[in-house]
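> Can you keep this structure in mind? I'll have questions shortly.
Bear in mind that the values in this text are calculations on the coordinates, not laboratory data. As the structure is a computational prediction, the values presented were derived from the model and not from experiment. Every residue, glycine among them, receives a Cβ derived from its backbone with ideal geometry; neighbour counts consider all protein chains shown.
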Amino acid sequence: MPEIKAFNRWGVEGVKVDDMGLQPYVALQPRIVPKTGARYAGSKFHKSKTFIVERLINKLMVPGHKSKKHYKTSCHITGKAETAYDIVENSFRQIEKTAKENPIKVFVKALENAAQREEIITIEYGGARYPKAVECSPQRRVDLALRHMTQGAYHRTFNTKKSIVSSLAEEIINAYRMSNASNAIAKKLEVERQADSSR
């Protein structure tokens, strides 16, 4: 039986998640066309069983919100899954050319590197509010890493001539190399530093 490859191009053999906490939440079953059409949207926690590349495509369609406001418009996508699919495929081709490695392996490692372990909540005690450091759940760690990656990529293309394809490829490669040039890595370090100081 022929091996199934993501985008009919990249296999996942040898790709693994080293972080034990994230292993159940990063699905690595490849799909030729990673698009389930929200078939499992109503099933609780089912997104963690969805192929991780498909989750990146879904995040690209809605870049996310910041302080309850729409952060950056997805502009040219306007909810079109096919456009997001092409962006991710072309970004992976660029990653393969730049990093000389399987882009799925690079993406999974970048996701691991960008997944924050702590975050800040506000507690009220005696009429005063205090920040408190709490551990981040594994599923939320993956969600936040994907959100910060796509927000960082859109931020770089906003009001510039830079394409979203090259911005997303750069964001993933920078996160893979643990570089502060990655929005996801910079955000992770900032939040963990704040959590450390409010312990």
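> Just to check, using Stokes-Einstein with a Kirkwood Rh over alpha carbon pairs, what's the diffusion coefficient of the chain at 20 °C and 1.002 mPa s in µm²/s?
Working: Rh = 17.6 Å.
D, rounded to a whole number, is 122 µm²/s.
> Among 61, 178, 149, 20, which comes first, then next, by fewest other beta-carbon atoms within 10 Å?
Values: 61 17, 178 14, 149 27, 20 8.
The fewest-first ordering by Cβ neighbours comes to 20, 178, 61, 149.
> Moving on to the next point. Along its three principal axes, how long is the stretch 77-168 when you only count alpha carbons? Whole Å, largest extent first please.
Computed over the stretch 77-168, the largest-to-smallest principal extents equal 56, 30, 22 Å.
> For 101, 112, what's the fewest-to-most ordering of other Cβ within 10 Å of each Cβ? Before the final figure, lay out the partial values.
Numbers: 101 13, 112 19.
Neighbour counts put them in this order, fewest first: 101, 112.
> Going by how many other Cβ atoms sit within 10 Å of their own, how do 111, 189, 56 line up, fewest first?
Fewest to most other Cβ atoms nearby, the residues stand as 189, 56, 111.
> Sticking with this one: Could you check which residue among 154, 130, 85 shows the biggest mean-square fluctuation in a GNM of the chain with a 10 Å Cα cutoff?
Among 154, 130, 85, the largest mean-square fluctuation in the Gaussian network model of the chain belongs to 130.
> Ok, one more. Tell me, what is the percent relative contact order of the chain, built from C-alpha pairs under 8 Å that lie six or more residues apart? Don't skip to the end; give the middle numbers.
Working: 283 pairs, mean separation 40.9, N = 199.
Once divided by the residue count of the chain, the mean separation gives 21 percent.
> Right, something else. Rounded, prolate or oblate: which fits the stretch 8-64, taking a ≥ b ≥ c as square roots of the Cα gyration tensor eigenvalues, rounded meaning a/c under 1.5, else prolate when a/b beats b/c? Walk me through the intermediate numbers first.
Values: a/c = 1.68, a/b = 1.21, b/c = 1.38.
Verdict is oblate for the stretch 8-64.
> What residue among 100, 47, 69 shows peak mean-square fluctuation when the chain is described by a Gaussian network model with Cα springs under 10 Å?
Sorting by GNM fluctuation, first place goes to 69.
> Given the DSSP H assignment, sum -39500 (n - 2.57) over each helix run of at least 4 residues in the chain and divide by its residue total; what's the result at 222 nm in deg cm²/dmol, nearest 500?
Counting only the DSSP helices, I get -14500 deg cm²/dmol.
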